[in-house]
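Comments concern the structure below.
The values are calculated or read from the model by the stated rules, or taken from the named source; none is laboratory data. Given the structure is predicted, the values throughout are model-derived calculations rather than measurements. Cβ coordinates were reconstructed from backbone atoms using ideal geometry, including for glycine residues, and neighbour counts include every protein chain displayed. Just the protein is used for accessible areas: all its heavy atoms, side chains included, with ligands, DNA and RNA removed. Shrake-Rupley method; radii C 1.70, N 1.55, O 1.52, S 1.80 Å.
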Amino acid sequence: MKENVRFSNLDRKETIQNLSKETFDLVVIGGGITGGGIALDAASRGMKVALLEKGDFASGTSSKSTKLIHGGLRYLKQFDFWLVKEVGSERAIVHKLAPHLVLPEKMLLPLIEGGSYGKWLTSIGLKVYDILAQVTGDDKRQMLEKKEALKLEPLLPKKILNGAGYYAEYRTDDARLTIENIKTSLHFGAKALNYAKVVDFVYKDEKVCGVKVKDEVSGDEFQLKSKYVINAAGPWVDELRSVNKSKKGKRLHLTKGVHLVFPKEKLPVKQSVYFDIPDGRMMFAIPRGKVTYVGTTDTNYNSDKDNIDIDLADAIYLISAVNNMFPSINLEMDDIVSSWAGLRPLIHEEGKSASELSRKDEIFTSDSGLVSIAGGKLTGYRKMAERVVNRIAKKMEEDHGVEVEPCVTDKIRLCGSDFKKHKYVKRYISEVFDIIKEDGFTEYDAWYLVTTYGKQTDTILEIYSSLEHEKADVRMICAEVQFTVDHEMVLNPMDFFIRRTGRLYFDIDSVRDYMDPVLQEFKKAYAYSEGEIQSFKENLLAALDSHSHFSLDRD
């Protein structure tokens, strides 16, 4: 396993000084999965890389997706065979790079009377899917009769069920996948900084040769010198193109995707289900740990990109869809324990609705040399990175006579992973459980640690054993905070509870239970004042409320 590299905002001043002094081959703007993938790809080919993110890493779209590494079965219906082939093939690769983080997940596709998918079409479609995505062994699709489908998922609607397709996908934690890509890039010499907003570009002979950056912590501005700049800012790509005065031709079309989270006992599906909605769209119900989450919506969005509200109509739409497919389940608004909403930065196509827009990525190069990438899917992040870095590699050869190696990220295991196969992850979870069960921890706790941090759990357990709090559970979460402060650039409790651990979404009670000890850890680490800690607490309380309560006045 790769050694833990120190990657901490405790060194922020020094990091900024170093960034300002150097000249980089490439500056990447945007610390989501696309930017993180680009940083790793470019650095592993020998480029000198700096990555900048205006908020926390993965704080935009990359912590708010459906959290699936999946082949996009629905794109077959749009005859987008190229996309299905690419993202389908990528699933197995990304799983291999981080088996603890990209987990095999069987998917059930119920075939219902009057539904989007008939039996014949589904059988042919899944067969094509298997061929395009090069699926092998047990993961190959199966067609199930009604009886078999009900045995796998008794909650399905008996009256209108005709059978089901059964196939393999992968579930992930998008924000963890992002941070592990960024951390892995550090092993190849990349530098990365969060809370660093690019406010303008530096030009020489009308070509971009660097960026002006505002440190969102101190308010100071500094500059970075770079031969090339990639704009991978997701929903904010067009803002930066405007700053560069190059927003012409194709533009972004943002659509909103909402997910709701329910306690597992309220929606006890046995595996992931991909099912019909009465309006002709499809939706997922995905079990994860203590909860089941459902999504997503797909509606046009033109409001504040930094504060995406979930309105009552979104929640009613999703709840109605679930209750329609699972007749014995009667979900109500009060059953929602958490939620999230994110934006898809798609490419605008005249006359197409939100759901019809292509998920393909596109690259734009401005006259001044700014390279922007937008569109795409979480699953295809590695290939997106490869394509855009290939462009930079070609430019480096033309402009500077430097030959850059081809992409090697399909062979670079991410931080936290030295598991050859998923079965070794399961074995490691058992080993961790054996260590922590004497202190009253459950199998869920061991599963959570390993599927969040992988082999880095060893470091967290070392920190845990050195702490002295009388309560074991408090010691453990404090160990997590210390690890993420030292190695994952968390600056505040929101970074920790949302992006590094997913607790706000998947274990929201733990945010309430451990808020105070976590706040104290941050106070200790960063010498925050009482006023700053109080402000963090208010932010957390507001997040708890807005993610779990929906009322008419939010519509």
### Query
Which one of these is in contact with a strand residue (DSSP E or B) (Cβ under 8 Å, 6 or more places away or on another chain) and modelled with pLDDT of 95 or more: 429, 392, 412?
392
### Query
Out of all the residues in segment 307-321, which are modelled with pLDDT of 95 or more and over 22 Å from the mean Cα position of the chain (by Cα)?
316, 317, 319, 320, 321
### Message
Quick test of your reading of the structure: residue 365 fulfils all but one of (1) out of contact with any Pro (no Cβ under 9 Å at 6 or more places or on another chain); (2) modelled with pLDDT of 95 or more. Name the failing condition by number.
### Response
(2)
### Single unsatisfied condition, residue 153 versus (1) over 30 Å from residue 53 (Cβ atoms); (2) out of contact with any strand residue (DSSP E or B) (no Cβ under 6 Å at 6 or more places or on another chain)
(2)
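Select from segment 168-180 the residues that are farther than 21 Å from residue 211 by Cβ and either assigned to a helix (DSSP H, G or I) or in contact with a Phe, Trp or Tyr (Cβ under 7 Å, 6 or more places away or on another chain) (or both) and list them in ascending order. Before you say what the answer is, go through the steps one by one.
Step one: filter segment 168-180 for residues farther than 21 Å from residue 211 by Cβ, giving 168-177, 179-180.
Result: 174, 175, 176, 177, 179, 180.
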### Task
Specify the residue that is farthest from residue 350 (Cα to Cα); the eligible residues are those in segment 288-306 that are open to solvent by less than 20 Å² (accessible area, probe 1.4 Å), modelled with pLDDT of 95 or more and not polar (S, T, N, Q).
291
### Task
Looking only at segment 125-167, count how many residues are open to solvent by 80 Å² or more (accessible area, probe 1.4 Å) and under 21 Å from residue 83 (Cα atoms).
5
#### Entry: Complete set of residues in segment 212-238 that are small (Gly, Ala, Ser) and either open to solvent by 70 Å² or more (accessible area, probe 1.4 Å) or more than 28 Å from residue 528 (Cβ to Cβ) (or both)
226, 232, 233, 234
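Could you tell me whether segment 148-159 includes any residue that is in contact with a His (Cβ under 8 Å, 6 or more places away or on another chain) and farther than 16 Å from residue 226 by Cα?
No, segment 148-159 contains no residue that is in contact with a His (Cβ under 8 Å, 6 or more places away or on another chain) and farther than 16 Å from residue 226 by Cα.
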### Query
Which residues, counting only those in segment 207-242, are modelled with pLDDT of 95 or more and of a type in the set (Ser, Thr, Tyr)?
218, 226, 228
## Note on the structure
Among (1) closer than 30 Å to residue 117 by Cβ; (2) outside any helix (DSSP H, G or I); (3) out of contact with any Asp or Glu (no Cβ under 8 Å at 6 or more places or on another chain); (4) not aromatic (Phe, Trp, Tyr), residue 163 falls short only on (3)
### First in segment 403-416 and in contact (Cβ under 8 Å) with a residue 60 or more places away in the chain, second anywhere and of a type in the set (Asp, Glu) and surrounded by fewer than 13 Cβ atoms within 10 Å (Cβ to Cβ), Cβ under 8 Å, 6 or more apart
404/397
### Query
Does residue 376 satisfy the condition of being among the small types (Gly, Ala, Ser) and within 23 Å of residue 95 (Cβ to Cβ)?
yes
### Task
Being outside any loop (DSSP other than H, G, I, E, B) and not hydroxyl-bearing (Ser, Thr, Tyr) is the filter here, so list the residues in segment 393-421 that pass it.
393, 394, 395, 396, 397, 398, 399, 400, 410, 411
### Query
Restricted to segment 432-468, and to residues that are surrounded by fewer than 17 Cβ atoms within 10 Å (Cβ to Cβ) and either in a loop (DSSP other than H, G, I, E, B) or among the polar types (S, T, N, Q) (or both), which residue is modelled with the lowest pLDDT?
468
### Query
Looking only at residues in segment 226-269 that are among the β-branched types (Val, Ile, Thr) and assigned to a helix (DSSP H, G or I), which one is nearest to the chain's Cα centre (by Cα)?
237
